[in-house]
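Participant: Let me give you the structure first, and then I'll get to my questions.
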Amino acid sequence: MLASAVIYGAQAKVRLPHLIADNMVLQSGTDVRLWGWAAPGKTVKVTVSWSSTPVAAKTARDGSWEVRVRTPRAGYAPLSITFDDGDKTTVGNVLSGEVWVCAGQSNMEMPVRGFWGCPVEGYNDVVVDARKRSAIRYAKIPARMAMKPQQDAATKWNVVSPETVQWASATGYFFGRTLEDMLDVPVGLIEANKGGSRVESWLDRDNLKKNTDEKTDSVSIYKIGTDYYRPLVWGNGTFAPITKFTVKGIIYYQGCSNVGYHTGDYARRLELLVAQWRRAFGEGDIPFYFVEIAPYWYDNAAGTGAALLREQQYIASTRIPNCGFVGNNDGAYMSELKQIHPSQKRKVGERLAYYALSETYGVKGLIYKNPCFDSMTVSGAEATIKLRNTETGIYPLYGITGFEIAGEDGKFYPAAARYDWHDGIVVTSPKVHKPTVVRYCFKNFELGNARNQGGLPLLPFRTE
């Protein structure tokens, strides 16, 4: 990379990373980074259309340079930026808005068009609506492996239209569309993800060596035959190129590939990853909002491997600052028992947006937190579950499904459950006379029906 920068620099022409290009969205109202390469010792002058005062930087020995530029308030008026080291380069049709990273594995990568045999619900409606969405732009970072962090990636900014929307991340696009509707601002989405990747795939060498048992030498890594399970290399090749770009926050949908793989340590490893990414962006504790993995059979619908991973996700959400966790227990249909890519991406993207609108942008009135377990009391044969985030109620009042109850022998039985607005959810079974433990949807695939007043599903839990 440095060699190519010097070659370009010798031609006295500023070279920009692919993310700094026509149609990009810059984070509004902040000091954004602009950077690139030119000949060593050159002065690069940067002039923006919204200010009469240029900024300049002198290139380093390797030809690299960087400046900070204050962006205007968000708006739909096209902007331009000129870079001049004696030979001018201009990028245009730039917008000032809100920029978010869409990270994770295949359920974040999954485009609006869907994968083969895996549609996204409501596709045609999205295409029709896209004619008025040209202020949403997305850049897909090619998924590639590298042993060392890369400085650039061959991408471009796509302006959303009926023709281009199909290849945007579905979860990311529904997130961005909801932000635009509520905030009336342009939205930029940077998609840095890889199907099948584990949390270890994105951790850097230092984190892996200090905090995990993962191998970080190239021979050991490439012995892992399934490439998307490899640690380190996806972060180096796919995420590292975006970390100089100034963003508002990160949305993240990952975890399926960690079911059964260091599941018990997932919360800690996700904490490490979030801290790593925040350091790399250098903008403090930027928002991090992530998604509960959807119900899926994982070779045994009644197994608990995925339930344990979801539990780890919830634990991580309680430890990571400026973080939100979006429940997704209703994110699959019964017919999608063996579909790892469920079709209901709109609700996922919109729930992420509700969190961001409420916590990051201060919008009032939205119900955005999932109901979750708080405490349990036992009286006779009844176990009563207190919840948080009910938003004044749980429905249905009767016929709540998904609960199991066990007594002192540890055997679980399906339980009847009803909601009492004063006490909570009362759980009973004629086979359990002295309850000790209650579980809710604590399986690989089980669709409960308890929701709060905002229609958000109760997070699966166990009281052990």
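Participant: Could you list, in sequence order, all residues of segment 359-409 that are open to solvent by 70 Å² or more (accessible area, probe 1.4 Å), more than 15 Å from ASN452 (Cβ to Cβ) and of a type in the set (A, V, I, L, M)?
Facilitator: Across segment 359-409, the qualifying residue is only VAL378.
Participant: A further question follows. Consider only pairs whose beta carbons are under 6 Å apart and that are at least six residues apart or on different chains; among these, list those whose first residue lies in segment 156-179 and is under 21 Å from TYR76 (Cα atoms) and whose second residue is at pLDDT 95 or above and of a type in the set (Lys, Arg).
Facilitator: These pairs meet every condition: TRP157/ARG137; VAL159/ARG137; VAL160/ARG133; PRO162/ARG131; PHE174/ARG346.
Conditions (1) closer than 26 Å to TYR361 by Cβ; (2) of a type in the set (A, V, I, L, M, F, W, C), marked per residue:
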| site | (1), (2) |
| --- | --- |
| ALA21 | no, yes |
| TRP35 | no, yes |
| LYS42 | no, no |
| THR47 | no, no |
| LYS58 | no, no |
| TRP65 | no, yes |
| VAL69 | yes, yes |
| ARG73 | yes, no |
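Participant: Restricting to segment 206-263, and then to whatever is in contact with a Ser or Thr (Cβ under 8 Å, 6 or more places away or on another chain) and assigned to a loop (DSSP other than H, G, I, E, B), can you tell me which residue is nearest to VAL326 (Cα to Cα)?
Facilitator: Per the stated criteria, the residue is GLN254.
Participant: Quick one: in segment 334-343, which of the residues that are more than 16 Å from the chain's Cα centre (by Cα), open to solvent by 20 Å² or more (accessible area, probe 1.4 Å) and in contact (Cβ under 8 Å) with a residue 60 or more places away in the chain is nearest to PRO457 (Cα to Cα)?
Facilitator: MET334
Participant: Would you mind stating whether ALA294 is more than 14 Å from ILE315 (Cα to Cα), in a loop (DSSP other than H, G, I, E, B) and under 15 Å from the mean Cα position of the chain (by Cα)? Break it down stepwise before answering.
Facilitator: Details: more than 14 Å from ILE315 (Cα to Cα): yes; in a loop (DSSP other than H, G, I, E, B): yes; under 15 Å from the mean Cα position of the chain (by Cα): yes.
Answer is yes for this residue.
Participant: Tell me whether segment 318-333 contains one or more residues that are over 25 Å from ARG388 (Cα atoms) and either within 17 Å of the chain's Cα centre (by Cα) or not small (Gly, Ala, Ser) (or both). Quick ask: steps written out before the conclusion?
Facilitator: Of segment 318-333, the ones over 25 Å from ARG388 (Cα atoms) are 333.
From what's left, either within 17 Å of the chain's Cα centre (by Cα) or not small (Gly, Ala, Ser) (or both): 333.
Taking every residue of segment 318-333 in turn, at least one turns out to be over 25 Å from ARG388 (Cα atoms) and either within 17 Å of the chain's Cα centre (by Cα) or not small (Gly, Ala, Ser) (or both).
Participant: Which pairs do you get when a residue that is exposed (fewer than 13 other Cβ atoms within 10 Å of the Cβ), found in segment 77-94, comes within reach of a residue that is not in a strand (DSSP E or B), reach meaning Cβ atoms under 6 angstrom, with the pair 6+ apart or on two chains?
Facilitator: ASP87/ALA12; ASP87/LYS13
Participant: Return yes when LYS347 is among the basic types (Lys, Arg), at pLDDT 95 or above, within 26 Å of the chain's Cα centre (by Cα) and open to solvent by 70 Å² or more (accessible area, probe 1.4 Å) and no when it is not.
Facilitator: Values: among the basic types (Lys, Arg): yes; at pLDDT 95 or above: yes; within 26 Å of the chain's Cα centre (by Cα): yes; open to solvent by 70 Å² or more (accessible area, probe 1.4 Å): no.
The answer is no for LYS347.
Participant: Right, something else. Quick test of your reading of the structure: GLY365 fulfils all but one of (1) more than 18 Å from PHE445 (Cα to Cα); (2) assigned to a helix (DSSP H, G or I). Name the failing condition by number.
Facilitator: Every condition holds for GLY365 apart from (2).
Participant: Out of everything in segment 195-210 that is within 27 Å of THR171 (Cβ to Cβ) and of a type in the set (D, E, K, R), what residue ends up being least open to solvent (accessible area, probe 1.4 Å)?
Facilitator: Here the residue is GLU200.
Participant: Need the failing condition index for GLY86 against (1) modelled with pLDDT under 95; (2) under 27 Å from SER335 (Cα atoms), just the number.
Facilitator: GLY86 satisfies all of (1) modelled with pLDDT under 95; (2) under 27 Å from SER335 (Cα atoms) except (2).
Participant: Limited to segment 287-319, what total is found for residues that are charged (D, E, K, R), surrounded by fewer than 20 Cβ atoms within 10 Å (Cβ to Cβ) and touching a helix residue (DSSP H, G or I) at 6+ places or on another chain (Cβ under 7 Å)?
Facilitator: Of the residues in segment 287-319, 1 are charged (D, E, K, R), surrounded by fewer than 20 Cβ atoms within 10 Å (Cβ to Cβ) and touching a helix residue (DSSP H, G or I) at 6+ places or on another chain (Cβ under 7 Å).
Participant: Further question on the same structure: Pairs, please: C-beta under 8 Å, at least 6 apart or cross-chain, first residue under 15 Å from PRO231 (Cα atoms) and open to solvent by less than 40 Å² (accessible area, probe 1.4 Å) and in segment 257-286, second acidic (Asp, Glu) and not in a loop (DSSP other than H, G, I, E, B)?
Facilitator: Hits for this filter: ARG269/GLU200.
Participant: Now a separate question. With respect to MET182, is the statement that it is of a type in the set (A, V, I, L, M), assigned to a helix (DSSP H, G or I), in contact (Cβ under 8 Å) with a residue 40 or more places away in the chain and open to solvent by 30 Å² or more (accessible area, probe 1.4 Å) true? Show your work before the answer.
Facilitator: Working: of a type in the set (A, V, I, L, M): yes; assigned to a helix (DSSP H, G or I): yes; in contact (Cβ under 8 Å) with a residue 40 or more places away in the chain: yes; open to solvent by 30 Å² or more (accessible area, probe 1.4 Å): yes.
Here the answer is yes, as MET182 does meet what is asked.
Participant: Residues of segment 103-133 being under 15 Å from ARG177 (Cα atoms) and either open to solvent by less than 20 Å² (accessible area, probe 1.4 Å) or in contact (Cβ under 8 Å) with a residue 60 or more places away in the chain (or both), which ones? Reasoning before the result, please.
Facilitator: To start, the set of residues in segment 103-133 that are under 15 Å from ARG177 (Cα atoms) comprises 111-112, 122-123, 125-133.
Scanning segment 103-133 gives PRO111, VAL112, GLY122, VAL126, ALA130, ARG133.
Participant: Shifting gears a bit: Determine if segment 420-441 includes at least one residue that is open to solvent by 10 Å² or more (accessible area, probe 1.4 Å), within 22 Å of LEU309 (Cβ to Cβ) and either under 24 Å from the mean Cα position of the chain (by Cα) or at pLDDT 95 or above (or both).
Facilitator: The answer is yes; a qualifying residue exists.
Participant: Which ones in segment 190-240 are of a type in the set (Gly, Ala, Ser) and in contact with a Phe, Trp or Tyr (Cβ under 9 Å, 6 or more places away or on another chain)? Break it down into steps so the answer makes sense when it comes.
Facilitator: Going through segment 190-240, the residues of a type in the set (Gly, Ala, Ser) turn out to be 192, 195-197, 201, 218, 220, 225, 235, 237, 240.
Hits for segment 190-240 are ALA192, GLY195, GLY196, SER197, SER201, GLY235.
The values are calculated or read from the model by the stated rules, or taken from the named source; none is laboratory data. Note that the structure is a prediction, hence the values are computed from the model and not measured. Heads up, the Cβs are rebuilt from the backbone with ideal geometry, glycines too, and the neighbour counts pull from every protein chain shown. To get the accessible areas, we keep the full protein, side chains included, count just its heavy atoms, and leave off ligands, DNA and RNA. Shrake-Rupley method; radii C 1.70, N 1.55, O 1.52, S 1.80 Å.
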